Amino acid sequence: MAVIVLAGTIGAGKSSLTEMLVKELGTTAFYESVEDNEVLPLFYSDPKKYAFLLQIYFLNRRFATIKKALAHQNNVLDRSIYEDSLLFHLNADLGRASEIEVGVYDELLDNMLEELEYSSFKKRPDLMIHIKVSFETMLARIKKRNRSYEQIEFDPTLYDYYKELNRRYEIWFDEFDVCPKLEIDGDRYDFIDDDEAAEEVLNQIKTKLAELGKLEEEPNYQTTNDVAKGILN
Ligand SMILES: Nc1ncnc2c1ncn2[C@@H]1O[C@H](COP(=O)(O)OP(=O)(O)OP(=O)(O)O)[C@@H](O)[C@H]1O
Ligand SMILES: Nc1nc(=O)c2ncn([C@H]3C[C@H](O)[C@@H](CO)O3)c2[nH]1
């Protein structure tokens, strides 16, 4: 069984790579709640009012997703529960959550992580993949995807928010030690429009999975270096 989680800043390419990866590996995708998320547009229109509510919403949805995902043999999760705290604390540092809210949230998150770690699930991800992008690429991708409430034209303060978020993500990933990890260069590889880049990225992931013993022999799957062949075990 392999649980793969994709991490990265806003617009890094997590949903896109999730889709590619599940096709390649024949596994199941679990996407973050965006289109059906009624709190997200509220948060962007009034972050101070809705930061805490959005965070509780995401935490609840992520926990439910993890429970569902762990019922499957192999799966890919678009964004991990380990990033929630990073996003919330950035908002808290910007004065969008009170001290009490921060305390309640941190305790709730700890409780949920403990539940994943020690109770019936007993499961950490098998691989964390971080898509690293520069701030310039982050801005370009947010623009390209064009969700109205995420646009800097909609709220110019988002420029500093995005810049700080991207900076914190790099530190967060360097320090992340919950499970094996891999970084993909999202600036270098346009895995959306360039087939060779897509193949290269998939090969990097499959090679890492093979190193971890999470790919098994299967002739339909091949990497260019021939190290990793197979489906997730
Ligand atoms: N490597 C890439 N090269 C070029 N374009 C990309 C790449 N990755 C993603 N994109 C494009 O960038 C935009 C954002 O990608 P995507 O929605 O996958 O990001 P995300 O990390 O899931 O974002 P969010 O966390 O905000 O939901 C999309 O328009 C997508 O087509
Ligand atoms: N504040 C905040 N906390 C989270 O835990 C969180 N998770 C995702 N998001 C925002 C980023 C994208 O706009 C959009 C899709 O990723 O949702 C979050 N925002």
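The values are calculated or read from the model by the stated rules, or taken from the named source; none is laboratory data. The shown structure was predicted, so the numbers you read here are calculated from the model rather than taken from an experiment. Backbone-built Cβ (ideal geometry, glycine too); neighbour counts: all protein chains shown. Side chains are part of the model used for accessible areas, which takes the heavy atoms of the whole protein and leaves out ligands, DNA and RNA. Shrake-Rupley method; radii C 1.70, N 1.55, O 1.52, S 1.80 Å.
Screening ILE10, ILE100, ILE56 for residues that are modelled with pLDDT of 95 or more and open to solvent by less than 20 Å² (accessible area, probe 1.4 Å) leaves exactly one candidate, ILE10.
Applying the condition of being loosely packed, with under 15 Cβ neighbours inside 10 Å and of a type in the set (Phe, Trp, Tyr) to region 111-136 and asking which residue is modelled with the lowest pLDDT yields PHE121. State whether the residues of region 64-82 include one that is touching a Ser or Thr at 6+ places or on another chain (Cβ under 9 Å), among the aromatic types (Phe, Trp, Tyr) and on the phi < 0 side of the Ramachandran plot. No: region 64-82 contains no residue that is touching a Ser or Thr at 6+ places or on another chain (Cβ under 9 Å), among the aromatic types (Phe, Trp, Tyr) and on the phi < 0 side of the Ramachandran plot. VAL5 - would you say it is under 25 Å from ASP185 (Cα atoms) and surrounded by fewer than 16 Cβ atoms within 10 Å (Cβ to Cβ)? Considered against the rule, which asks whether it is under 25 Å from ASP185 (Cα atoms) and surrounded by fewer than 16 Cβ atoms within 10 Å (Cβ to Cβ), VAL5 comes out as no.
Determine whether region 135-151 contains at least one residue that is under 17 Å from the mean Cα position of the chain (by Cα), away from ligand 2 (no atom under 16 Å from the Cβ) and without any contact (Cβ under 8 Å) to a residue 60 or more places away in the chain. No, region 135-151 has no match at all. Can you tell me which residue within region 1-41, out of those that are of a type in the set (Val, Ile, Thr), assigned to a loop (DSSP other than H, G, I, E, B) and within 12 Å of ligand 2 (Cβ to nearest atom), is farthest from the chain's Cα centre (by Cα)? Within region 1-41, the match that is farthest from the chain's Cα centre (by Cα) is VAL34. Any residue in region 6-23 that is more than 10 Å from ligand 1 (Cβ to nearest atom) and in contact (Cβ under 8 Å) with a residue 60 or more places away in the chain? Yes.
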